[in-house]
Amino acid sequence: MNYAEELNEILTTVVRENASDLHLSEGKHPTIRINGALLPLVKKNVLSHDDIAGLLTVMIGEERLNAFVAQKEFDFSYRFGDIARFRGNAFVQQGLFGVALRLIPKQIKTLADLSLPPMLETFARKKQGFFLVVGPVGQGKTTTLASMIEMINQERAEHIITIEDPIEYAYEQKKSIIDQREVGVDTESFESALLSVLRQDVNVILLGEMRGHETMAAAVTAAETGHMVFSTLHTNNAAQTIDRIIDTFPPAQQDQIRVQLASSLSGIFSQRLIPRISGGMIPAYELLVANNAVANLIREKRTHEINTVIETGAADGMIDMNRCLADLVRRGEISIESAYQHSLNPKILEKLI
């Protein structure tokens, strides 16, 4: 089999069908995900061990393939000509090879294109602070941040540095200078890249993911020292995000990080992608704007009250997830069943619908 040609055919299908993901698994047909559903490409042959190794070699090269075989898991990115990029993870399950690929479109969509609230533009225009986009895996966090970074790129002359594992969206430099560093290729770790970034005359930092308290501490410090820092976490809502950050630190350091977070946090945006009745996906979201009341709650260890602040904070630009879900139902965008499935407090949702 000519694996370069085979990979080209499969990825062309992914792009043409507007699939979000591609799965390559031993003993199965290549499988794509469209609007949340997995669909096997039955016209393609069932993949063998050698097939997956051959396709991987095309994407990452023989040297990195050997590293994957030794480590049994490997993150990578793959540029598909001038059409798109893919974020990939190769893994071993019960001795069999598997690969999961996420499509990263070449064109970076605007916030309006993504059906996201205009309020996010306010955070993209800030010169200093710490802004987080949170949610489970595969809910569009990276795409939202890419849209915000691209907005800065189009509007201002800034020095933007991204630290990613791996690099996902590739930016075309416009008004800004954008340097993209890939962990394992351009830098040893998120921590080492963050420690050096403050010596690189940077204005905006995009941290692909916060891992461990060292990375979180460096990110918060960067925000405190006059930079705008964007990042992600796999958490469900704003209150849980703040607790997760603080709980990551040893007990002796938690009071300090609590104070730092209270002074540097700009906002937290939580999002879910929900099947649209008319087809495709649409985001539902929650937005915490870190005003003085929120800062006080963080300092005073009262993060359990943040949900109430969001529910009553519409005048400050805050957006409550249940109200967002109810609005999508009223507009005929999503079903009532989908709204309940994605609500963290269905009893409150019931009163709003």
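The values are calculated or read from the model by the stated rules, or taken from the named source; none is laboratory data. Bear in mind that the values here come from a model prediction, so they are computed numbers and not experimental data. Ideal geometry is used to build each Cβ from the backbone, glycine not excepted, and the neighbour counts take in all protein chains shown.
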- When restricted to Val204, Val220, Val259, Val229, the only residue of a type in the set (A, V, I, L, M, F, W, C) and touching an Asp or Glu at 6+ places or on another chain (Cβ under 6 Å) is Val204
- Quick one: is Gly88 surrounded by fewer than 21 Cβ atoms within 10 Å (Cβ to Cβ), within 30 Å of Val58 (Cβ to Cβ) and in the same structural domain as Glu168 (by TED's automatic domain parsing)? no
- Message: Looking at Arg276, Arg258, Arg199 in this structure, which one is within 15 Å of Arg299 (Cα to Cα) and among the basic types (Lys, Arg)?
- Response: Arg258
- Message: I'd like the residue in the stretch 119-174 that is in contact (Cβ under 8 Å) with a residue 24 or more places away in the chain, of a type in the set (S, T, N, Q) and part of a helix (DSSP H, G or I) and, out of all such residues, is surrounded by the fewest Cβ atoms within 10 Å (Cβ to Cβ).
- Response: Thr122
- Note on the structure: A careful count of residues in the stretch 252-311 that are free of Cβ contacts under 8 Å to residues at least 40 places away in the same chain, within 21 Å of Leu116 (Cα to Cα) and among the basic types (Lys, Arg) gives 0
- Tally time: how many residues in the stretch 216-231 are outside any helix (DSSP H, G or I) and either crowded, with 19+ Cβ neighbours inside 10 Å or aromatic (Phe, Trp, Tyr) (or both)? 5
- Query: Within the group Ala314, Ala326, which residue is exposed (fewer than 14 other Cβ atoms within 10 Å of the Cβ) and within 23 Å of Val133 (Cα to Cα)?
  - Reply: Ala314
- Hey, does the stretch 190-200 have a residue that's touching a helix residue (DSSP H, G or I) at 6+ places or on another chain (Cβ under 9 Å), in a loop (DSSP other than H, G, I, E, B) and buried (at least 19 other Cβ atoms within 10 Å of the Cβ)? no
- Task: Determine if the stretch 28-35 includes at least one residue that is more than 28 Å from Arg276 (Cα to Cα) and in the same structural domain as Phe97 (by TED's automatic domain parsing).
- Result: yes
- Message: Tell me which helices (runs of 4 or more DSSP H) are completely within the stretch 263-339 and hold 2 or more residues being outside the structural domain of Phe130 (by TED's automatic domain parsing), or say none if there are none.
- Response: 321-330
- Pairing a residue in the stretch 220-246 that is under 24 Å from Asn322 (Cα atoms) with any residue that is at pLDDT 95 or above and among the charged types (D, E, K, R), where Cβ atoms lie under 7 Å and the two sit 6 or more apart in sequence or on different chains, gives Thr232/Lys141; Leu233/Arg244; Thr235/Arg244; Asn237/Glu286; Ala238/Glu286
- Within the stretch 51-78, track down each residue that is free of Cβ contacts under 8 Å to residues at least 40 places away in the same chain, acidic (Asp, Glu) and within 16 Å of His23 (Cβ to Cβ). Glu73
- Somewhere in the stretch 204-215, is a residue over 18 Å from the mean Cα position of the chain (by Cα), within 30 Å of Met321 (Cβ to Cβ) and either in the same structural domain as Ile245 (by TED's automatic domain parsing) or assigned to a strand (DSSP E or B) (or both)? yes
- Task: Assess whether Ala252 counts as being out of contact with any helix residue (DSSP H, G or I) (no Cβ under 8 Å at 6 or more places or on another chain) and part of a helix (DSSP H, G or I).
- Result: yes
- Message: Cβ-Cβ under 6 Å, sequence separation 6+ or interchain: first residue in the stretch 102-117 and free of Cβ contacts under 8 Å to residues at least 60 places away in the same chain, partner surrounded by 16 or more Cβ atoms within 10 Å (Cβ to Cβ) and assigned to a strand (DSSP E or B). Which pairs?
- Response: Pro105/Ala84
- Query: With Thr110, Thr144 as the choices, which residue is of a type in the set (S, T, N, Q), more than 30 Å from Ile52 (Cβ to Cβ), at pLDDT 95 or above and not assigned by TED's automatic domain parsing to the domain that holds Arg272?
  - Reply: Thr110
- Task: Mind counting the residues in the stretch 1-39 that are part of a loop (DSSP other than H, G, I, E, B) and among the acidic types (Asp, Glu)?
- Result: 2
- Query: Just one of Glu333, Glu286 is of a type in the set (Asp, Glu), more than 21 Å from Arg244 (Cβ to Cβ) and crowded, with 17+ Cβ neighbours inside 10 Å; which is it?
  - Reply: Glu333
